[in-house]
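Written out below as structure tokens is the structure these notes cover.
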Amino acid sequence: MSDTPIHLGRRLAIPRALRGWVLPIALIVLWWAAVAFGWSQSPLLVAPSKVWDTAVEQIVSGKLFSALAASLWRDLAGFAIGSTVGLVFGTALGLSRLFEKMVGPTFHTVKQISLFAWIPLISVWFGLGDTAKVVFLSLAAFFPVVLNTFEGIRAVPADLLEVSRVLRFTRRQTLWRVVIPAASPSIFAGIHLALIYAWLATLGAEYLLVSGKGIGNTMIDGRENFWMDLVLFGVIVVGTVGFTLNWIAGHIEARLLRWRGRSVAAH
Amino acid sequence: MAHTGTLDISHLSKQYDVKGAALPVLEDITLTIQPGEFVSVVGTSGCGKSTLLRLIVGLEDDYRGEILLDGKRVVGTSLQRGIVFQEHRLFPWLTVEQNISLALLNSGLSEGDQFRTVQSHIDLVGLNGFEHAYPYQLSGGMSQRVAIARALVTRPDILLLDEPFGALDALTRAYLQQELHRIWEAEGITMILVTHDVEEAVYLGERVVVMEPRPGRIRRIVPVDLAHPRERSAPAFSRIRDTVLREFGDKPAAAAAPPLAPEVPVVTDHVPLAFQFAI
């Protein structure tokens, strides 16, 4: 039993770096075959080559660039605002028992509300434009950062806090030299999550607060006009952006936390 | 080096409240330690020997009696009193050099002086070449050397050692004991070593304070009049070690009884669970 996978691996002999590409390539081949051999007559099935043409057209005409720029700008603005406010709020929540007692219960209740349940309220208050979207994205980024910052600060080892007492650190020194660095793995995890949530919410916002430009709006256009090639192209772009953001965050995280040794691997 | 630092402990008692009941940990400890002396404190777990160190270093307050350093009552921590814990407690995000430097944050030394002091202490503990290593890259023994350097870099009058080699393997432990002795001679400061290893206590101490548990009291103080380097297999050494061991054997019931009051609640009760601002 145990030697079967090894045997199989040897027979297939796919280089390690390429193994992750097997499934996507197989799907594309299947897709191409489905169109080429006419397995389905549905207008929903478009040829890969048509998606390719659409991609080229979108890129050359600059439509992709302007849609993506609009989406990314909102994404990063919302991410920056939400995670900054979240960092401050989470730190305060972690440091002050009084603050935690006062606002903690409200926060923990509010965080249970599904993110999308905020949409009606946000659209009433801020309309359907960029402001409303950025507010929504900030909210998406806010919660994971607050939670992870709070938990990271609460989990700072008492042992290390004793060392800071022995070395006569002031409160400020203890905060910046001990508490924040000790909590940093958790804080980074929160920021990383916030980056992913914000991007997912960017698409959500463009779907639910329909107005203006954005990669989500491009896809809505495609759907409404039955341009499946455009929809599929949008899916690929959204996936690629998400993957890239995650990759960048993973590398920054691994670099900043390299003092943790092998325990932290790049994503 | 002319270090001051006579430590005068008189009628020191300490108790904790465990679930509303008073639990005496230390009772009527009286001990005077001369500047530059090396004193070992041995006892079974639960005899309050770690609490004694925590009181001297100033991590615990709320005691009866007196702890005087050069005639002044000990209140809170001070750079005059350094401590090495059983765990190295290095900051994992800082390199060896940065860990040691951080101890000088409030020393008032110029940057140049700080650098030189840190370098000389890296030399002292024999860690040249490891300045830029992170704690995860160090062995247990090396980490403890860094912890010793960090505790010494502020030039304290007293260095307290709370079972510093307890978690190390026998070979590393023997080697570091030798190193600690060398450092003690080089620095000429007072050292108080808490340990449950009788041989270690006799090897390093000029006096061995034997404590008994529940509540923690001094049972006997055994002087060690042996020249250095001490030979663990020498008859004179064995005699003193046996004398100390006999103090434990005298009360077999107490020594064999399971610890009724382990040191655990002591720690959980009094170490703040998280760093807080009183806002």
| query | Any idea what the relative contact order of the range A:1-153 is, in percent, if you count C-alpha pairs under 8 Å spaced at least 6 apart? | reply | 29 percent
| query | Can you give me the relative contact order of chain B as a percent, contacts being Cα pairs under 8 Å and 6 or more apart? | reply | 25 percent
| remark: Taking a straight Cα-to-Cα line shorter than 30 Å from residue B:14, and setting aside same-chain lysines fewer than 8 residues away, one finds B:49, B:72, B:251
| From the phi of every residue in the range B:50-62, what ³J(HN,Hα) in whole Hz does the Karplus formula 6.51 cos²θ - 1.76 cosθ + 1.60 yield, where θ is phi - 60° and glycine or proline is x? | 5, 4, 4, 5, 5, 5, 5, 6, x, 7, 10, 10, 6
| request: Compare A:216, A:104, A:190 in a GNM of chain A, Cα atoms joined below 10 Å, and give the one with the largest fluctuation. | output: A:104
| remark: Under the 7 Å Cα-to-Cβ spin-label approximation, residue B:169 and residue A:14 lie apart by a distance in nanometres of 4.3 nm
| Mind checking which lysines have their C-alpha under 30 Å from residue A:111, skipping anything on the same chain fewer than 8 residues away? | A:101, A:133, A:213
| With charges only on Cβ, +1 for K and R and -1 for D and E, what is the dipole size of chain B about its Cα centre, in debye, rounded to 20? | 380 debye
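Under the √(5λ) rule applied to the eigenvalues of the Cα gyration tensor, what semi-axes describe the equivalent ellipsoid of the protein assembly as shown? Give them in Å, descending.
Whole-Å semi-axes of the equivalent ellipsoid: 63, 28, 22.
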| Selection from B:36, B:192, B:132 lying farthest towards where the dipole of chain B points positive, charges on Cβ | B:192
| query | For the range B:112-128, in order, what is each residue's ³J(HN,Hα) by Karplus, 6.51 cos²θ - 1.76 cosθ + 1.60 with θ = phi - 60°, in whole Hz (x at glycine and Pro)? | reply | x, 5, 4, 4, 5, 5, 4, 4, 5, 7, 5, 4, 4, 9, x, 10, 4
| Long-range HN-HN contacts of residue B:220 with modeled amide H, under 5 Å | B:210
| request: Calculate one ³J(HN,Hα) per residue across the range B:197-207 by plugging θ = phi - 60° into the Karplus curve 6.51 cos²θ - 1.76 cosθ + 1.60, and present them in order as whole Hz with x for glycine and proline. | output: 9, 4, 4, 4, 4, 6, 4, 9, x, 8, 9
| request: Check cross-link reach from residue A:50 to the lysines: straight Cα distance under 19 Å, and skip same-chain residues fewer than eight apart. | output: A:63
| request: For chain B, list log₁₀ I(q)/I(0) at each q in 0.11, 0.13 Å⁻¹, using the Debye formula over Cα point scatterers of equal strength and ignoring solvent, two decimals each. | output: -0.65, -0.92
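Assuming R0 = 25 Å, can you tell me the calculated FRET efficiency for the pair residue A:254 and residue B:178, based on Cβ-Cβ distance, to the nearest 0.05?
On the way: r = 40 Å, r/R0 = 1.61.
So, using R0 = 25 Å, E works out to roughly 0.05.
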| request: Kindly work out what percent of the DSSP beta bridges joining two residues of the protein assembly as shown are antiparallel, to the nearest 5. | output: 55 percent
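The numbers here are math on the coordinates, done by the rules we state, and not lab data. Keep in mind that what you see is a predicted model, and the values were worked out from it rather than measured. Please note: Cβ atoms are built from the backbone with ideal geometry, for glycine as well, and neighbour counts cover all protein chains shown.
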